Amino acid sequence: MKILVVEDEHLIANALKKGLEQEHYTVDLAFDGLEGFDLAASGDYDIVLLDLMLPKMDGLEICRQLRSQQNHVPILMLTAKSQVEDKIKGLNCGADDYLTKPFAFEELLARIRALARRPQKAASEVLTIGDLSLNLSTYEVTRQGKNISLSSKEYSLLECLLRHANKILTKDQLIQHVWSYESDILPNTIEVYIRNLRLKIDKNYKIKLIKTIRGFGYKISE
């Protein structure tokens, strides 16, 4: 899952990035409202964590403009303001949830997971195809009931493929989902990770799930 954090306090932003990456999320940072809006509007994010008080463009205006563009990315508003009217303003502008600073990181994770389930109408937290399963809560990956150990990037790559099961994803699309926008990633990096993933997911099984679609990209299917 790819998350955008828009927060002008660098200490808080970097702490959130570190904590979320430890939970296997891919995280981009923006330190002002204009940069945050540009990334949210043009990037491919699953959730935006948005501070209310930002330089150049505040969180309310970012919400308004994203929603006016029919951008329905889930938005979790983060702010030091706790007045009811401030929360109502944020929700009325298009935010999906509201968390008042200071907050427990565990609560933030719970709210992120809840928002991630909303587009799928509270679907199962387990992504499956055939006999392969990926648990979004425990980060466990199994095939035919056997645990498979993956690195953080391998897990993120597999999650991306499973969320788009039976669909072809280009190398560029996989890079956008799995790596931060500032990362200097070459297309052949994807080839290396796909090869490693196949060794763990497909090598010892008759049915190969990860497929190369020559000239296009990759997909996972039975």
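The values are calculated or read from the model by the stated rules, or taken from the named source; none is laboratory data. Keep in mind that this is a model prediction, so the values were computed, not measured. Every residue, glycine among them, receives a Cβ derived from its backbone with ideal geometry; neighbour counts consider all protein chains shown.
Residues in the stretch 131-144: is at least one surrounded by fewer than 14 Cβ atoms within 10 Å (Cβ to Cβ), out of contact with any Asp or Glu (no Cβ under 9 Å at 6 or more places or on another chain) and either outside any loop (DSSP other than H, G, I, E, B) or at pLDDT below 90 (or both)?
Within the stretch 131-144, the subset surrounded by fewer than 14 Cβ atoms within 10 Å (Cβ to Cβ) is 137-139, 144.
If we keep only those that are out of contact with any Asp or Glu (no Cβ under 9 Å at 6 or more places or on another chain) too, we end up with none.
No, the stretch 131-144 contains no residue that is surrounded by fewer than 14 Cβ atoms within 10 Å (Cβ to Cβ), out of contact with any Asp or Glu (no Cβ under 9 Å at 6 or more places or on another chain) and either outside any loop (DSSP other than H, G, I, E, B) or at pLDDT below 90 (or both).
Name the single residue that is surrounded by the most Cβ atoms within 10 Å (Cβ to Cβ) among those in the stretch 111-130 being hydrophobic (A, V, I, L, M, F, W, C) and at pLDDT 90 or above. Show your work before the answer.
Residues of the stretch 111-130 that are hydrophobic (A, V, I, L, M, F, W, C), as a first pass: 112, 114-116, 122-123, 126-127, 129.
Next cut, at pLDDT 90 or above only: 112, 129.
Values: Ile112: 22, Ile129: 15.
Here the answer is Ile112.
Mind checking which residues of the stretch 154-174 are closer than 24 Å to Val5 by Cβ and surrounded by fewer than 17 Cβ atoms within 10 Å (Cβ to Cβ)?
His164, Asp172
Mind counting the residues in the stretch 166-222 that are assigned to a loop (DSSP other than H, G, I, E, B) and of a type outside the set (Ser, Thr, Tyr)?
Quick first cut of the stretch 166-222, residues assigned to a loop (DSSP other than H, G, I, E, B) only: 166-168, 170, 179-186, 202-209, 214-216, 221-222.
Next, only the ones that are of a type outside the set (Ser, Thr, Tyr) stay: 166-168, 179, 182, 184-186, 202-204, 206-209, 214-216, 222.
Of the residues in the stretch 166-222, 19 are assigned to a loop (DSSP other than H, G, I, E, B) and of a type outside the set (Ser, Thr, Tyr).
Do any residues in the stretch 133-154 that are farther than 26 Å from Ala114 by Cβ have Cβ atoms under 6 Å from those of residues that are surrounded by fewer than 18 Cβ atoms within 10 Å (Cβ to Cβ), where the two are at least six apart or on different chains, and which pairs are they?
Going by the 6 Å Cβ cut-off, the qualifying pairs are Arg143/Asp131; Gln144/Asp131; Ile148/Lys200.
If you go through the stretch 26-57, how many residues are touching a residue at least 40 places away in the same chain (Cβ under 8 Å) and aromatic (Phe, Trp, Tyr)?
Residues meeting the conditions: 1.
Give just the number: which of (1) of a type in the set (S, T, N, Q); (2) in contact with a Ser or Thr (Cβ under 6 Å, 6 or more places away or on another chain); (3) under 21 Å from Thr26 (Cβ atoms) does Ser149 not satisfy?
(2)
From the list Val178, Val192, which one is surrounded by 19 or more Cβ atoms within 10 Å (Cβ to Cβ), assigned by TED's automatic domain parsing to the domain that holds Arg214 and either of a type in the set (A, V, I, L, M) or without any contact (Cβ under 8 Å) to a residue 60 or more places away in the chain (or both)?
Working: Val192 fails: surrounded by 19 or more Cβ atoms within 10 Å (Cβ to Cβ).
After applying the criteria, what remains is Val178.
If you check Gly94 against the conditions, is it in contact with a helix residue (DSSP H, G or I) (Cβ under 9 Å, 6 or more places away or on another chain), at positive phi and outside the structural domain of Val141 (by TED's automatic domain parsing)? Spell out how you get there, then give the answer.
Working: in contact with a helix residue (DSSP H, G or I) (Cβ under 9 Å, 6 or more places away or on another chain): yes; at positive phi: yes; outside the structural domain of Val141 (by TED's automatic domain parsing): yes.
Criteria met by Gly94.
How many residues, within the stretch 36-57, are surrounded by fewer than 17 Cβ atoms within 10 Å (Cβ to Cβ) and more than 21 Å from His164 (Cβ to Cβ)?
Within the stretch 36-57, the subset surrounded by fewer than 17 Cβ atoms within 10 Å (Cβ to Cβ) is 38, 41-44, 53, 55-56.
Retained after the next criterion (residues that are more than 21 Å from His164 (Cβ to Cβ)): 38, 41, 53, 55-56.
Final tally of qualifying residues: 5.
Okay, residues lined up against (1) touching a Phe, Trp or Tyr at 6+ places or on another chain (Cβ under 8 Å); (2) within 20 Å of Pro102 (Cβ to Cβ); (3) in the same structural domain as Glu9 (by TED's automatic domain parsing):
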{"position": "Gly36", "(1), (2), (3)": "no, no, yes"}
{"position": "Ser42", "(1), (2), (3)": "no, no, yes"}
{"position": "Asp46", "(1), (2), (3)": "no, no, yes"}
{"position": "Asp51", "(1), (2), (3)": "no, yes, yes"}
{"position": "Gln65", "(1), (2), (3)": "yes, no, yes"}
{"position": "Val73", "(1), (2), (3)": "yes, no, yes"}
{"position": "Met77", "(1), (2), (3)": "yes, yes, yes"}
